[in-house]
2 protein chains.
Amino acid sequence: MADIQALIKFIKKEFNHSLKSYPLPKHPEYLYDPIRFALKGKGKRFRPTLVHLSGREFNTDPDTIMKVSLAVELLHCFTLIHDDIMDNDDVRRNMPTLYKKYDISSAILAGDGIFTISQLVLNSIGEKQKIILQLFNETVLEICEGQALDKYFESKRDISLKQYIEMVEKKTGALLGACCFLPAVLAGKSNNIIDGLKKVGKKVGIAFQIQDDLLEVFGEENIMGKSLGSDIFSNKKTVIAIEAKNSFKSDWEKIIGQFDGKNLVDIRNFMIERKLKDKVENLAESYFNSAYNTLLSLGLDKKSDLYKFLKIIQGRNS
Amino acid sequence: MADIQALIKFIKKEFNHSLKSYPLPKHPEYLYDPIRFALKGKGKRFRPTLVHLSGREFNTDPDTIMKVSLAVELLHCFTLIHDDIMDNDDVRRNMPTLYKKYDISSAILAGDGIFTISQLVLNSIGEKQKIILQLFNETVLEICEGQALDKYFESKRDISLKQYIEMVEKKTGALLGACCFLPAVLAGKSNNIIDGLKKVGKKVGIAFQIQDDLLEVFGEENIMGKSLGSDIFSNKKTVIAIEAKNSFKSDWEKIIGQFDGKNLVDIRNFMIERKLKDKVENLAESYFNSAYNTLLSLGLDKKSDLYKFLKIIQGRNS
């Protein structure tokens, strides 16, 4: 694992350098100060790393891959900024969210600006930019659909696990899928490989979101860089809430009714005692396993960087 | 003028048909219902009409022109949706604004979705889509900059006419400029023609915004399709407020202090008596004249449809 860790560190460093070098005007400050602040955030850069590792696997031109990775991270950043407004989230990565730091208008506008810059970056690749832009923007629409389902579910009493999976597949899986398959499109790989990589990314995305839901209850606040439990408190249809309600409806509603939005001890104990934590962890694992199997079926073995990186994602604690 | 009116009517009909035919999914309703509602609005379609007239002038492929006009109107629609949230505007074109009809989250998301669709439409043109997309997205950034200046000015006491012109040139002029010059780019015209058309559009955009500011005080509510005076009331730096303050500072501040946000009689009388209405109307006229002169210098005479259409815009009452 030492080599892959060094490689990821290298990619992250190169990526951050490239992002930082992107020429942003100073004027008007009302637009570009919030954009600069948003791009300064210390993200984990999972998505650009995926793009680079997939690009290395298929020997795609490194300059093009850097641009694709920039576009993908800018897109991710834009969706986070708008989602934080929609979800009233105050803190992200130990920093105030953009609309909290500035205001809602600045944050809407900064998101729009960052999304526009992602289009400009992607349009500047020297080859196949037409098909890449089409696939990229189809992915954006899918992300919007996922966020729409997430918001819609908030107003609903009962959401099934199937509905949840559809939502996170769009909201989180679509972009991870694009990170995996866009480099293969650039490399002119077969539809079989491209579709397979899309599936890998979607499965990882679903597992990733299930992990997120778990970390929102069982993570450590200082590592997570935000306060926990807010999704449960705001009646978000996390996989935890869905599974708990499915199996122990009245007990779960009682415990949620007593939840003050802060002290998670009772919820944690409930989840552990009723084996719900195990159940949800197993669900995430099954999606990771499915992703590994698909990857192996495409001819990428366990020694490939992509495979190793997915293992690292699976083991994350924030 | 009869011919041009019939032509505009024809273009508008064809355009509305094309917009209506764009295939939008049904599911999820949370995303696509607001998008459908927003696109149903009875817009004046000034921008797509400009694109079509410019396209006819340069014999650009009609199918491509239709796509460019769709992308431009979708972009305009997206900026209106987000601007209405930022400006707390409740009514537009006799309809509730999107965030009032639904909520802020739905409106942010619908705007993002419509903007994404505009990218997909523009990327689907068969030729020169790379340069067209670059110019389009540079225009979007300029519009964001204009809106940023507009928001920033709200918090400032004194804004000069020069600052106002910079703001509206970006906020309104940039897109009208793109409507005029994108068809010329597609037709492979010289940089001289393209730059000239950009100037024409920008000048018209500035004049258009000055008209808007005037109509916000002197228009008729039922024709305008919204309540008037809100820009004055919310301390927006309209050209009226700037010119009134420049020439009659204390009197203007007194009259604004007494303004209840509804009864515009005193403000109208003040503007007329102090010749401020004339002054602002002359300013709009000077920008229109400058646009006409530039158009003539490019070889388009007074019988051209583009020239005639600008004359129609100049004469609008809503």
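The values are calculated or read from the model by the stated rules, or taken from the named source; none is laboratory data. Quantities reported herein were computed from a predicted structural model and do not represent experimental measurements. With ideal geometry, Cβ positions are generated from the backbone for all residues, glycine too; neighbour counts draw on all protein chains shown. To get the accessible areas, we keep the full protein, side chains included, count just its heavy atoms, and leave off ligands, DNA and RNA. Shrake-Rupley method; radii C 1.70, N 1.55, O 1.52, S 1.80 Å.
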Provide, for q = 0.11, 0.15, 0.22 Å⁻¹, the log10 of I(q)/I(0) from a solvent-free Debye sum over equal Cα point scatterers in region A:1-109. -0.40, -0.70, -1.18
Considering the alpha-carbon set of the protein assembly as shown alone, what are its Rg and its Dmax in angstrom? 26.6, 83
Got the relative contact order for chain B handy, in percent, Cα pairs under 8 Å and 6 or more residues apart? 18 percent
Principal axis extents for region B:150-236, Cα atoms only, whole Å, descending order, please. 47, 32, 16
Taking the 0 to 90 degree range and rounding to the nearest ten, how far is the long axis of helix B:2-21 tilted relative to the main principal axis of chain B, both from C-alpha atoms? 70 degrees
If you take every residue apart from B:LYS100 with its C-beta less than 11 Å away from the C-beta of B:LYS100, what net charge results, scoring Lys and Arg +1 and Asp and Glu -1? -2
So what's region A:261-318 giving for Rg/Rh, alpha carbon basis, Kirkwood Rh from the mean inverse pair distance? 1.17
For region B:193-230, run through the GluC sites (Glu not before Pro) and keep only the ones in DSSP coil with at most 13 other Cβ atoms within 10 Å of their Cβ. B:GLU220
Got a sec? Which residues of region A:138-185 lose 30 Å² or more of accessible surface with every protein chain in place, vs. that chain alone, 1.4 Å probe? A:LEU141, A:CYS144, A:GLU145, A:ALA148, A:LEU149, A:LYS151
Under the rule of -39500 (n - 2.57) per DSSP H run of 4 or more residues, summed and divided by the residues of chain B, what mean residue ellipticity at 222 nm is obtained, to the nearest 500 deg cm²/dmol? -24000 deg cm²/dmol
On complex formation of A with B, accessible surface lost, both sides summed, probe 1.4 Å, nearest 100 Å², amounts to 3500 Å²
Using a 1.4 angstrom probe on heavy atoms only, work out the carbon and sulfur share of the accessible area of the protein assembly as shown in %. 49 percent
Working out 0.36 nm times the residue gap between A:SER190 and A:ASP63, then minus their Cα-Cα distance, what length gain in nm do you get to one decimal? 43.5 nm
Could you identify which residue out of A:ALA244, A:ALA148, A:ALA174 has the top mean-square fluctuation in a GNM of chain A using Cα springs shorter than 10 Å? A:ALA148
I'd like the per residue volume of the convex hull spanned by the Cα atoms of region B:176-318, given in cubic angstrom. 119 Å³
Would you mind counting up the charge near B:ASP89? Only other residues with Cβ under 10 Å from its Cβ, with Lys and Arg at +1 and Asp and Glu at -1. -2
Nearest 10, in degrees from 0 to 90: the angle of helix B:174-186 to the longest Cα principal axis of chain B is 20 degrees
Each residue of B:69-82 has, on average, a number of other protein chain C-beta atoms within 10 Å of its C-beta equal to 1
Using a Förster distance of 30 Å, how high is the FRET efficiency between B:ASP260 and B:GLU285, based on the Cβ-Cβ distance and rounded to 0.05? 0.45
Suppose we keep just the alpha-carbon trace of chain B; what are its Rg and Dmax in angstrom? 19.6, 59
Shortest first and in nm to one decimal, what separations exist between B:LYS130 and its copies in the other chains, measuring from label points 7 Å along the Cα-to-beta-carbon line? 1.1
How long is the gain from A:LYS42 to A:LYS162 if the chain were fully straight, where each residue apart is worth 0.36 nm and the alpha carbon distance is subtracted? 39.9 nm
Computed E for A:LEU24/B:GLN5 - FRET, C-beta separation, R0 41 angstrom, nearest 0.05: 0.35
Rounded to 10°, Cα long-axis angle of helix B:249-258 versus longest principal axis of chain B: 90 degrees
Sorting A:ARG157, A:ARG56, A:ARG316 on solvent-accessible surface, 1.4 Å probe, most exposed first, gives A:ARG157, A:ARG56, A:ARG316
Roughly speaking, what is the centre-to-centre gap between region B:211-278 and region A:214-282 when only Cα atoms are used, to the nearest Å? 55 Å
Label 7 Å beyond Cα on the Cβ vector: A:LYS20 copy-to-copy distances, nm: 5.5
Projected onto their principal axes, the Cα atoms of region A:53-127 stretch, largest extent first, over whole-Å spans of 42, 23, 16
For region A:221-318 the mean separation of alpha carbon contacts under 8 Å (6+ apart) over residue count, i.e. relative contact order in percent, is 27 percent
Accessible solvent surface per residue of the protein assembly as shown, calculated while the other protein chains remain in place, 1.4 angstrom probe, Å²: 43 Å²
Once the Cβ-Cβ distance between B:GLU154 and B:ASN317 is put in as r, and R0 is 35 Å, what FRET efficiency do you end up with, to the nearest 0.05? 0.80
Compute the label-point distances linking A:LYS279 to its equivalents in the other copies; points lie 7 Å from Cα along Cα→Cβ; give nm, one decimal, shortest first. 7.3
